[in-house]
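Below is one structure; the comments refer to it alone.
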Amino acid sequence: MNPALKNSLLFGFVGLLIIGTGMVQGWNSALLIVNMGLISAIMALGVNLQWGFAGLFNIGIMGFVALGGLATVVVAMPPVGEAWSAGGLRVILGLMMGAGTVIAAVFAQKRLKGRRRTLVTIAILIVGFFIFRAVFDGGVNAIEAVNPASTGYLGGLNFGAQMRAPSDLPQPDLFILLSWPVGGLFAAGAAWIIGKTALGLRSDYLAIATLGIAEIIIAVMKNEDWLARGVKNVIGLPRPVPYEVTLQQDPSFVERAAGLGLDPVTASTLYTKLGYAVLFTIVLLILLWLAQKALNSPWGRMMRAIRDNEVAAEAMGKDVTARHLQIFILGSAICGIAGAMMTTLDGQLTPGTYQPLRFTFLIWVMVIVGGSGNNFGAVLGGFLVWWLWVEVEPIGLGLMNLLSSGLEDGSALKLGMIESAAHMRLLTMGVVLLLVLRFSPRGLIPER
């Protein structure tokens, strides 16, 4: 079959699945799948850039996604003035002292020699640590004591939110869109630090290192309440699209909804989700276009040559480590952008929900099923696997109810069959992965 026709049919099939979901379960459910599918496709693009282009085995996706979510709080939330007055400057000073301690230790390692280097380095680290904790801890305690039930953190940089006149109805705030590229910058900065220390490792050790560092990032976000409230969560993030309650109070919108045969509540939720879908689609198309340009450029051909044979690429004069660092940063930045978009869609930052199953295993399944090394395959895998992840459990529950309909109510077998529906997601992901690896090992849309 012609590859272009085959790819079109695959995307058409996924589109039919989403349309069928809308017809059966409602268009709100279908649009929610579309929005999360768009975000998942962007994450899969980032991982495909690292693995499909360069063969870098990164299973620390969760950490970069979480940094993107943190960026929405840092950028879009208004600052908490009392917290800044109580301990903001002390926290900043403490962080600067901590960074200064590390820089001084590195300087001592480079300038001194022998036993003196070891002793001076240890002395700098010990003294610097105690000074850092003395300054930093006092500021943190003061910040977290400021109305801990609703704030207890520094807030963000959205000073405009404080200057706007109060309104009875919430209004969209496009300032949060700035947090999406900032989320990419946060993730890129973390990727640079990780890459400088871990990219020289063999692939399996790199995977362990990235997973461990991702868990460290999540642990910091959960425990440092002064940064983003920790497990208390930050709620009420601004939205770039109109609020449902505001639309429902707009007479012109209510009139247009009635003309379409919709009640205001349903119309407002559909309108809001469509607004998110438009924004996410624009981001996906831009990133997909850039990824395709990179793939077909001399740089992309060089990355695939390095992936296929590092020794031969080095013999041709290519700096393999530097190129790996480049693509590791780029892929992580894309995951950070997706993390900021997802937190914007949720309207809240909840560090406790950043689980490896959702943000690592699932994204890798998307890349493998869609087609490693093919950007369109990554997008297809993002939509298809996310649809399966959402819909398999209710479909499995309906199937178990049908199969057990002839059994007596309350029987152990019937109850066991119904309870097993909760495990259908993991079973389906495993079966799909095995089938694709058996019958199409290069994915549904393989690399050309």
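Per this entry, Val220 is counted among residues that are of a type in the set (Val, Ile, Thr), modelled with pLDDT of 90 or more and either within 24 Å of Phe359 (Cβ to Cβ) or surrounded by fewer than 17 Cβ atoms within 10 Å (Cβ to Cβ) (or both).
Could you check Leu174 against (1) in contact with a helix residue (DSSP H, G or I) (Cβ under 9 Å, 6 or more places away or on another chain); (2) assigned by TED's automatic domain parsing to the domain that holds Trp226; (3) touching a residue at least 12 places away in the same chain (Cβ under 8 Å) and say which number it fails? Evaluating Leu174 over (1) in contact with a helix residue (DSSP H, G or I) (Cβ under 9 Å, 6 or more places away or on another chain); (2) assigned by TED's automatic domain parsing to the domain that holds Trp226; (3) touching a residue at least 12 places away in the same chain (Cβ under 8 Å) leaves (1) as the failure. Regarding Ala294, is this residue within 23 Å of Gly382 (Cα to Cα) and of a type outside the set (D, E, K, R)? Judged against the criteria, Ala294 is a match. Is it the case, given these coordinates, that Thr281 is over 23 Å from Arg438 (Cα atoms) and either among the basic types (Lys, Arg) or out of contact with any Gly (no Cβ under 7 Å at 6 or more places or on another chain) (or both)? Criteria met by Thr281. Just checking, does segment 376-389 include any residue being among the small types (Gly, Ala, Ser) and more than 25 Å from the chain's Cα centre (by Cα)? No: segment 376-389 contains no residue that is among the small types (Gly, Ala, Ser) and more than 25 Å from the chain's Cα centre (by Cα). In the set Leu169, Leu125, Leu112, Leu95, only one residue is aliphatic (A, V, I, L, M), farther than 27 Å from Gln326 by Cα, surrounded by 13 or more Cβ atoms within 10 Å (Cβ to Cβ) and at pLDDT below 90; that residue is Leu112.
This table checks each residue for (1) exposed (fewer than 13 other Cβ atoms within 10 Å of the Cβ); (2) at pLDDT 85 or above.
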site	(1), (2)
Val365	no, yes
Asn375	no, yes
Ile395	no, no
Leu402	yes, no
Glu408	yes, no
Lys414	no, no
Thr428	no, yes
Ser440	no, yes
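Candidates Val146, Val231: the one that is outside the structural domain of Met342 (by TED's automatic domain parsing) and at pLDDT 85 or above is Val146. Scan segment 5-21 for residues that are of a type in the set (Phe, Trp, Tyr) and either at pLDDT 95 or above or closer than 12 Å to Leu444 by Cα (or both) and jot them down. Matches in segment 5-21: Phe11 only. With a requirement of 2 or more residues that are out of contact with any Phe, Trp or Tyr (no Cβ under 8 Å at 6 or more places or on another chain) and among the acidic types (Asp, Glu), the helices (runs of 4 or more DSSP H) lying completely within segment 232-333 that satisfy it span 310-315. Taken over segment 36-88, the criterion of being of a type in the set (S, T, N, Q), assigned by TED's automatic domain parsing to the domain that holds Val220 and assigned to a helix (DSSP H, G or I) is satisfied by Ser40, Asn48, Gln50, Thr72. When the criteria are applied in full, Arg239 fails the requirement of being on the phi < 0 side of the Ramachandran plot, basic (Lys, Arg) and free of Cβ contacts under 8 Å to residues at least 40 places away in the same chain. From the list Leu285, Leu260, Leu274, the one residue that fits, being farther than 30 Å from Gly87 by Cβ, exposed (fewer than 14 other Cβ atoms within 10 Å of the Cβ) and either at pLDDT 90 or above or within 18 Å of the chain's Cα centre (by Cα) (or both), is Leu285.
The values are calculated or read from the model by the stated rules, or taken from the named source; none is laboratory data. From a predicted model like this one, the values you see are computed outputs, not experimental measurements. Glycine also receives a Cβ, built like all others from the backbone with ideal geometry; neighbour counts cover every protein chain displayed.
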